[in-house]
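Colleague: Dropping a structure here in C-alpha cells format, bear with me for questions.
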Amino acid sequence: LGLFDVSGSMADPVPGARQSKLDVARAATQAALGFFDPADSIGLWEFSRELDGDRDYRVLVPLGPAGQRVGPFPNRFAASVAAYRQMVPRTSTGLYDSILAAYQSATADYRKDAVNTVVVITDGKNEDPGSITLDQLLARLRTLHDPAKPVHIVTLAYGTGADQAALAKVAKATDGLQFASPDPRSIGTVFVTAVAALTG
C-alpha cells in the first residue's frame, strides 16, 4: 500500500530537473509498478490535510490484486497510473493520522502469502495540530504490529525537509525500513532500492 504526500511543498521545483518534487516522485513510483506481478496486491492513497472531509488522506486505488479490474480500468496498474497523473499539491502535511489509517487498513487486509507493507513517501513533517502525537502514533503501531502476521512500514524521506527522525521511529515500530533521498533527483534510485528490498 503506497501512501503518497501531496502537500503544498511538493510543488517546489527540483534544481536541475525543471520539474516539481511531485513530478519527479510520481514518475519514480510509477516506474516501480513494473516490479509487481498481476497476482501481487497494490493500492494507493494520497495525503495532505482534509482531503476527504476531516480526513487527511484519500483512497485513490483500493488495495487488491494488481491484475484485477478497478472501475473503468482493466487492472490496478492502469488505475494507479491514472491516479498518479491526477495528483496535485494541496495544503499542509497530515502525516501521523494518515500513517495510522493506512497501517490499520493494511493489517486488516493482511495476506499470509505476501510481504505486507505500507510505503510512506513524504517531503515534510506532521503539520496537523489536531492530529495524534508521534508518541501516540508509535504506541498504536506497536500495539497493532503482530509478529505472527507482520505488516511493515517503509518510510522514504524525500528532500531535505522530511522529518527523518520521526520517520525512522515509525519504521522501527513495525520492524520496517527507512530510506532517504535528500537530493530529490535521486528519488528514482532510492525508490527502486526500497521496492527491491521488499520484493527480494
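The values are calculated or read from the model by the stated rules, or taken from the named source; none is laboratory data. Note that the structure is predicted; figures quoted are calculated from it, not measured. Using ideal geometry, Cβ is built from the backbone for each residue, glycine included, and neighbour counts are taken over all protein chains shown. Surface accessibility is based on the protein's heavy atoms, side chains included, excluding ligands, DNA and RNA. Shrake-Rupley method; radii C 1.70, N 1.55, O 1.52, S 1.80 Å.
Colleague: Out of the trypsin sites (Lys or Arg not before Pro) in segment 110-170, which ones are loop residues according to DSSP with at most 16 other C-beta atoms within 10 Å?
Modeller: Details: sites: R111, K112, K125, R140, R142, K169; in loops: R111, K112, K125.
Passing both the DSSP loop test and the Cβ count: R111, K112.
Colleague: A further question follows. When the Cα atoms of segment 68-181 are enclosed in a convex hull and the volume is divided per residue, what value in Å³ results?
Modeller: 127 Å³
Colleague: Using θ = phi - 60° and the Karplus form 6.51 cos²θ - 1.76 cosθ + 1.60, what ³J(HN,Hα) does each residue of segment 42-53 get, whole Hz, x for Gly and Pro?
Modeller: 9, x, 9, 10, 10, 8, 7, 9, 6, 7, 9, x
Colleague: May I pose another question? Near the amide H of H152, under 5 Å away, which other amide H atoms are found, from residues 5 or more places off or on another chain, if H is placed in the peptide plane?
Modeller: N116, T117, V118
Colleague: In addition: For a bin width of 10 Å, list the pair-distance distribution of segment 62-125 built from all Cα-Cα distances, rounded to whole %.
Modeller: P(r) for segment 62-125, in whole percents per bin: 17, 39, 38, 5.
Colleague: Continuing with the same structure: Express the accessible area of segment 50-118 per residue in Å², computed with a 1.4 Å probe while the remaining protein chains stay in the model.
Modeller: Working: 3460 Å² over 69 residues.
So segment 50-118 comes to 50 Å² accessible per residue, rounded to a whole number.
Colleague: Could you please put D23, D113 in sequence from largest to smallest accessible area, using a 1.4 Å probe?
Modeller: D113, D23
Colleague: Once amide H atoms are built 1.01 Å from N in the peptide plane, which residues 5 or more positions from I42, or in another chain, come under 5 Å H to H?
Modeller: G64, A66
Colleague: Of the listed values [x] 0.93; [y] 0.98; [z] 1.10, grab the one calculated as Rg/Rh (Cα atoms, Kirkwood Rh) from the structure here.
Modeller: From the options [x] 0.93; [y] 0.98; [z] 1.10, the structure gives [x].
Colleague: Right, here's the next one. With a Cα-only, solvent-free Debye model of segment 42-96, what are the log10 I(q)/I(0) values at q = 0.17, 0.28 Å⁻¹?
Modeller: So the normalised log intensities are -0.56, -1.03.
Colleague: Here's a follow-up. Taking loop as defined by DSSP and a crowding limit of 14 other beta carbons within 10 Å, which chymotrypsin sites (Phe, Trp or Tyr not before Pro) in segment 57-162 fit? Show your work: numbers first, answer last.
Modeller: Values: sites: Y57, F77, Y84, Y96, Y103, Y110, Y158; in loops: Y110.
Sparse-neighbourhood loop chymotrypsin sites (Phe, Trp or Tyr not before Pro): Y110.
Colleague: Quick one: P(r) of segment 1-96 from all Cα-Cα pairs, 10 Å bins, percents rounded to integers, in order of increasing distance.
Modeller: Each 10 Å bin holds this share of Cα pairs: 17, 45, 31, 7.
Colleague: Just to confirm the filter: which trypsin sites (Lys or Arg not before Pro) across segment 32-91 are DSSP coil and have at most 15 other Cβ within 10 angstrom of their Cβ?
Modeller: Those that pass, being in a loop and sparsely packed, are R69.
Colleague: In deg cm²/dmol, rounded to 500, what helix-only [θ] at 222 nm does the chain give when every DSSP H run of at least 4 residues adds -39500 (n - 2.57) and the total is split over its residues?
Modeller: Result for the chain, helices only: -11000 deg cm²/dmol.
Colleague: Of all accessible surface on the chain at a 1.4 Å probe, what whole percent is carbon and sulfur? Walk me through the numbers before you get to the answer.
Modeller: Details: 4710 of 9240 Å².
Its accessible area is 51 percent carbon and sulfur atoms.
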